[in-house]
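First comes the structure, then the notes that go with it.
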Amino acid sequence: MGTTLQHHFVTDYTSTRTSVWKKFIAWCVGQEKNRLGWLATAIMLHGCVLTIITMFAIITTGNHFIFWPFTIAAMGMTLVVNLAAMPTKITIPVFFLS
């Protein structure tokens, strides 16, 4: 005789978590209204400060040729995506990457 009651519950717990990358890209899309400011900041900061400091570091540490293409490529990445009028979803990550 079946006097024991058995209850079957199916539970499905899922938590929706957005990754840090998706949050960052969503923030970048929200910065579209400040696109001109990001363009000016990227070109001025990279061209007038970061590239100059990097070149100075290369020259003072032996002036090895292998480091020059990396310096030029970093500045070139930022310059190309900004002059190509890419959206901030692309320009801000490229600026931080370079």
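What follows draws every value from the coordinates through simple rules; no lab data is involved. Fair warning: this is a prediction, and the values are worked out from it, not measured in the lab. Virtual Cβ from ideal backbone geometry, glycine too; neighbours counted across all protein chains shown.
Summary of computed values
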read-out: Within segment 13-33, tally of residues that are within 17 Å of the chain's Cα centre (by Cα) and farther than 15 Å from Pro93 by Cα; value: 2
read-out: Filter result for Val20 (surrounded by fewer than 13 Cβ atoms within 10 Å (Cβ to Cβ) and touching a Lys or Arg at 6+ places or on another chain (Cβ under 9 Å)); value: no
read-out: Failed condition for Ile66, given (1) loosely packed, with under 11 Cβ neighbours inside 10 Å; (2) of a type in the set (Val, Ile, Thr); (3) in contact with an Asp or Glu (Cβ under 6 Å, 6 or more places away or on another chain); value: (3)
read-out: Any hit, segment 84-97, residues being loosely packed, with under 10 Cβ neighbours inside 10 Å and basic (Lys, Arg); value: no
